1. Report, to the nearest whole %, how much of the accessible area of region 363-417 belongs to carbon and sulfur atoms, 1.4 Å probe, protein only.
2. Enumerate the calculated ³J(HN,Hα) couplings along region 167-173 in order (Karplus 6.51 cos²θ - 1.76 cosθ + 1.60, θ = phi - 60°), each rounded to whole Hz, writing x wherever the residue is Gly or Pro.
3. Along the charge dipole of the chain, Cβ charges K/R +1 and D/E -1, which of LEU57, LEU354, ALA721 sits furthest on the positive end?
4. Arranged from highest to lowest average of other beta-carbon atoms within 10 Å per residue, in what order do the peptides 182-189, 360-367, 211-218 appear?
5. Peptides 698-705, 129-136, 510-517: what's the order by average Cβ count within 10 Å, highest mean first?
6. Evaluate the charge dipole of region 173-253 about its Cα centre and quote only its size in Debye, nearest 20, assuming +1 on the Cβ of each Lys and Arg and -1 on the Cβ of each Asp and Glu.
7. Quick one: Karplus J couplings for region 398-413, per residue in order, coefficients 6.51, -1.76, 1.60, θ = phi - 60°, nearest Hz, x for Gly and Pro?
8. Quick one: Cα centre-to-centre distance for region 125-171 and region 190-233, in angstrom?
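The values are calculated or read from the model by the stated rules, or taken from the named source; none is laboratory data. Note that the structure is predicted; figures quoted are calculated from it, not measured. FYI the Cβ positions are ideal-geometry reconstructions off the backbone, even for glycines, and counts take in every protein chain you see. Just the protein is used for accessible areas: all its heavy atoms, side chains included, with ligands, DNA and RNA removed. Shrake-Rupley method; radii C 1.70, N 1.55, O 1.52, S 1.80 Å.
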Amino acid sequence: MSKVFAFHGGIHPPENKKQSTRAPISKAPVPDKLVLPMQQHIGGPSLPLVKVGDTVLKGQMIAEPISRISASIHAPTSGKVVDIAEYPIPHASGLSAECIVIEADGEDRWIEHQGLGDYKQLKRTDLIEHIRASGIAGMGGAGFPTDVKLHLSEDHIVNTLIINAAECEPYITADDMLMRERAHEVLGGIEIIAHILRPSHVLIGIEDNKPNAIHALEAVLKHTDLNIDIVVVPTKYPSGGERQLIKLLTDIEVPSGRIPADIGIVCQNVGTTAAIYRAVHFGEPLISRIVTVTGDAVRHPKNLEALIGTPFSTLLEACDVRPEALSKLVMGGPMMGVTVENDQIPLIKTTNCLIAATEHEMPAAPPTQACIRCGMCEQACPAELLPQQLYWFAKGREFEKAKHHNLFDCIECGACAYVCPSSIPLVQYYRFAKSEIRTEERDQQKADHARQRFEARQARLEQEAAEKEARRKARAAEAAKAQSQKTAVQSSEAAAPETAAPDAKQLKTAAAVARTKLKKAQKAYDEAAALNADNLAELEAALNEARSKADEAEKALASSASSGSEGGDDQSKQLKIAAAVARTKLKKAQDALKNAEDKGLDGVDKLRATVATLEQKANEAQQAYEKAEASGTDKAPVEVDIKALKQQVSIMRTKLKKAESAIDNCEDEADKTRLGQEVEELKKRFEQATAQFDKAEQVLVERAAQAGIDLKQLRIDAAMARAAVTKGERSLSKAESDEERSQIEQDLVAARSKAEALNQTLSQYE
Ligand code: SF4
Ligand code: SF4
């Protein structure tokens with residue numbers, strides 16, 4: 001005989017069980033229509049496998065589980081699927097949910113089915129899979145899919161299997177009657193579960209108010225080899241709570257936030273064991289259950305074996321309901337059940353009781369009074385919580401505090417509300433707080449998920465941008481290398497290999513790019529310095545490197561310009577000399593011809609031909625010289641810095657205005673004359689600077705046009721792109737949501753890329 005321990009709290013409400021145990025279990029009639037909700041269990045809903053118009057056989061799977069924690073649903077009788085839509089379901093929310101409606105054909109024809117025979121020869125996983133396919137979920141009220149409870153991980157070693165036969169809630173006698181009449185099914189189910197879990201011993205916990213059931217169990221246990229103990233516990237509500245029964249039978253407390261399997265214990269309801277027995281030995285899925293129909297508003301309270309999906313009205317009629325006396329219809333027991341307004345709601349796998357109560361039996365709750373902090377709720381609480389504190393936290397929406405006071409250890413047994421002298425509906429507050437916390441957690445999870453996705457996307461975009469930039473740089477380096485090789489070859493083929501002229505255009509572009517980078521590096525460093533940022537040293541190093549590169553590029557450009565100019569001068573000089581030499585030779589030849597003609601010497605014709613040849617050569621040399629001079633003059637403005645010229649024009653304009661203003665304010669005539677001369681001089685210089693700028697600008701415009709570029713338009717486009725970047729950066733700093741920030745970031749990447757591309761093109765012409 002196993003020892004019985006005690007749990008904290010508990011109450012002794014009137015049992016009201018005898019009314020429904022006078023008659024044996026009888027079969028409920030098969031209704032015309034059965035309504036089968038897709039969510040009859042904890043976890044995900046089932047997914048319909050049939051469509052409207054399909055005919056189905058009894059026991060045929062009509063909905064399959066869609067997640068690990070879910071259960072399949074089977075047709076309770078043969079007939080036709082007439083609807084798949086939302087119908088009211090048996091839930092505290094009173095809401096509707098998806099249901100399959102079957103019109104019974106009256107034949108009650110089974111699908112072909114058979115038991116597994118010697119199940120002990122099967123692999124345990126196959127056996128668990130069969131239980132899953134049979135749609136069995138805990139029948140004690142919670143409805144947790146049974147296969148999940150049996151399929152434990154390697155970490156879970158089960159020492160004790162506890163069969164919950166306590167059935168502690170008043171009025172409910174379904175398990176009691178099952179044990180009295182079908183104890184062999186209960187034992188058969190226990191043997192299957194024990195075969196799967198291999199516990200060292202099995203305990204059946206049953207309240208001492210069920211002597212007939214205890215005798216029936218004792219009788220069948222004589223025929224088993226298993227180490228099974230029946231532990232009779234005192235009648236006290238809620239001894240059938242999982243944690244309370246474990247404490248009663250083993251004196252072990254399941255730690256908060258853990259499950260019994262973590263401490264080597266698995267609990268199964270007595271009704272669930274019988275369902276497993278029928279599924280394994282006869283191949284019958286869970287399509288019916290025993291339900292207690294009781295209350296003073298029915299003339300013949302009893303237990304009915306009813307098909308899942310049977311409307312409550314059919315069950316009430318089967319027990320001879322007195323509609324005129326019916327005041328309240330409660331699904332479940334009086335402590336944990338919920339009041340339903342609609343008798344068309346169907347029976348589901350977890351419905352163990354239906355109470356048709358009269359006004360006298362269940363009068364309306366008295367008005368709620370203020371909490372007087374009497375502490376009676378705390379004394380009654382089997383979970384050793386502080387119900388009045390939880391009530392204050394829930395009422396004040398202090399959900400975090402409620403959580404820290406173990407709100408989720410509350411089993412909603414209602415013992416606290418039962419003893420409360422102020423009639424405070426405490427359980428309703430706890431349900432509300434739990435629901436709010438779950439909603440908040442779901443929202444938080446969604447927000448976390450969205451943030452993670454945003455960050456991952458940003459990282460990906462940055463990575464792509466970095467890779468793109470690296471590829472661009474590699475291409476630029478390749479192009480520069482190829483160009484440099486080409487220039488070297490061209491230079492080596494030129495007449496003066498030792499003075500191989502670098503490509504001035506390229507050098508100018510490189511210098512402009514280096515200047516832009518230097519500006520950017522300077523700006524980044526200044527901003528970081530203002531904020532005293534962590535990466536200041538890094539930015540300083542980058543700035544120094546950019547400065548050094550810009551200096552090198554400027555030097556290379558200056559050297560190219562100077563050597564180019566010297567080269568041009570040399571060439572011009574040489575051509576000038578060549579032209580002079582040609583003229584000298586021509587002069588000598590002309591003198592010789594004149595002398596020969598004057599003296600009548602021989603060879604005059606030959607001298608005339610020589611003079612003609614020399615005349616042509618002298619002309620060619622002169623033209624070459626003039627052309628070289630002209631081309632040298634044309635190139636000059638191109639080499640001038642257009643920005644410097646523009647600045648020069650601006651300075652001259654300012655000086656001129658100042659000087660003109662000074663004249664206006666001057667009263668001394670002598671000074672006025674002197675200032676007038678200065679103004680004239682400044683005007684000239686301003687006009688010269690303007691002309692120089694216009695000429696240089698014209699050359700740049702023509703050069704860009706040769707490359708198919710409208711320089712003015714290019715400047716406008718670049719300015720607009722820069723403005724778009726500035727605008728985007730401003731918008732980013734004001735963004736209010738992650739989504740908005742993400743969109744702006746995306747636009748900014750594109751805007752920056754466009755602005756950079758346009759600036760680079762522009763830098764080739766400025
Ligand atoms: S039993 Fe009711 S009145 Fe007493 S402390 Fe608890 S909530 Fe307050
Ligand atoms: S409903 Fe919750 S707080 Fe109230 S007695 Fe039961 S477990 Fe304790």
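1. Solvent-exposed carbon and sulfur of region 363-417 make up 55 percent of the total.
2. 6, 7, 6, x, 6, 7, 9
3. ALA721
4. 182-189, 211-218, 360-367
5. 129-136, 510-517, 698-705
6. So the magnitude is around 40 debye.
7. In residue order, the calculated couplings are 8, 5, 4, 5, 4, 5, 5, 9, 6, 3, 6, 8, 5, 9, 6, 6 Hz.
8. Each part reduced to its Cα centre gives a spacing of 16 Å.
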